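Report on the structure given below.
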């Protein structure tokens, strides 16, 4: 606002000063019409045509070209119609030439030259204003075009990433699903033909695990309907499976807080990944699983040193994935080595609304190795 006021004061002051300093005054009304046109120049900001109209008598008086140039520039800036711009240029030209024709006898050649000069004098600021406006419009249009192009490229990249993810999901589903199906089928065949009850029980358990793994993989890849209910074992069933596999594990559960589906999945995965970590890196170790379903929910899986050689083949990135899963539901994951050579995994989870929607398909996505050791 201050900038506009200062600019208008300078514009009015300079044009008025130019008028007052002009000594040649052809008519008695030349001075006051030019001064009035200069003082009223600020109205061009609202009504450019009115400012140009007020400059017509001042131009006719011979002293109004200073304010007329300013008014015509503003008219060129704001008026989009070329015929209207030409009209005001012609009007200014006629206003400047008419008094000369009426008061003096000028030959045709000099009159034509004077008319051309006056026309150019009136047209120059008008054209300059129109060019400035056109340049701004083109700049704005170019900016919008670039922004639209950037949005289009981003959409193309997003689409390409989604297509690549879908392709990878199909590859994983086809490859892993094929092998998991073969495991389930061969386990069922083994259970049907084996005479040893222990072998049959183990084969049936392998078949159930293969089918569950296939179901979880499909869920994680988004290949199931979003409306389908995902069922998975309870913590007690998970612990019982680990015991059958030879893990010495105890489970302690307290509290009765109602958990969201996402938090329940995260809790299940923390215990599952920790038990997987123990079977790979500390076979034969005693494991203690403690779950407190209060607010916040706390789950702790602590194992002692293993008494058998490690089965892991190099370190994995499972802890990073598990930490990300816990972070997505608004919790924190802490892991540490114990003084006795064991390892502990502790997660703190919120019982309420999490960052992950209750119907998300992240369940099954954390079945990576949680071992870093």
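FYI, it's all coordinate maths here, none of it is from the lab. Only a predicted model underlies this, so the values are computations on that prediction, with no experimental measurement involved. All Cβ positions, glycine included, derive from the backbone under ideal geometry; neighbour counts span all protein chains shown.
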Query raised in the report: Which whole-number percent gives the relative contact order of the range 1-224, counting Cα pairs below 8 Å spaced six or more residues apart?
Result: 13
Requested in this report: If a/c stays under 1.5 just call it rounded; otherwise compare a/b with b/c (prolate if a/b is bigger, oblate if not). Do that for the range 63-169, with a ≥ b ≥ c from the square roots of the Cα gyration tensor eigenvalues.
Outcome: prolate
Query raised in the report: When the chain is treated as a GNM, springs tying every alpha-carbon pair under 10 Å, which of 72, 23, 85 comes out with the largest mean-square fluctuation?
Result: 23
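Report for the chain the percent antiparallel among DSSP-assigned beta bridges with both residues inside it, nearest 5. Mind showing how you got there, number by number?
Working: 19 of 26 bridges.
The antiparallel fraction comes to roughly 75 percent.
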Query raised in the report: Say we join alpha carbon atoms closer than 10 Å with springs in a Gaussian network model of the chain; which of 121, 102, 50 then has the biggest fluctuation?
Result: 102
Query raised in the report: For helix 235-244, what angle does its Cα long axis make with the longest principal axis of the chain, in degrees from 0 to 90 and rounded to 10?
Result: 50
Query raised in the report: When the chain is treated as a GNM, springs tying every alpha-carbon pair under 10 Å, which of 301, 348, 59 comes out with the largest mean-square fluctuation?
Result: 59
Report task. Return one number: the angle in degrees, 0 to 90 and rounded to the nearest 10, between the long axis of the Cα atoms of helix 48-60 and the longest principal axis of the Cα atoms of the chain. Result -> 20
Report summary line: The rounded separation in angstrom of the Cα centers of the range 239-260 and the range 120-159 is 65
Query raised in the report: How far is helix 197-220 tilted, in degrees, relative to the longest principal axis of the Cα atoms in the chain, given as a value from 0 to 90 rounded to the nearest 10?
Result: 0
Query raised in the report: What's log10 of I(q)/I(0) for the range 1-224 at q = 0.07, 0.18 Å⁻¹, Debye sum over Cα points only, no solvent?
Result: -0.48, -1.21
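Give me 92, 217, 1 ranked fewest to most by other Cβ atoms within 10 Å of their Cβ, as a rough exposure proxy. Display every interim value, and only then the final one.
On the way: 92 28, 217 19, 1 5.
Exposure proxy ranking, most exposed first: 1, 217, 92.
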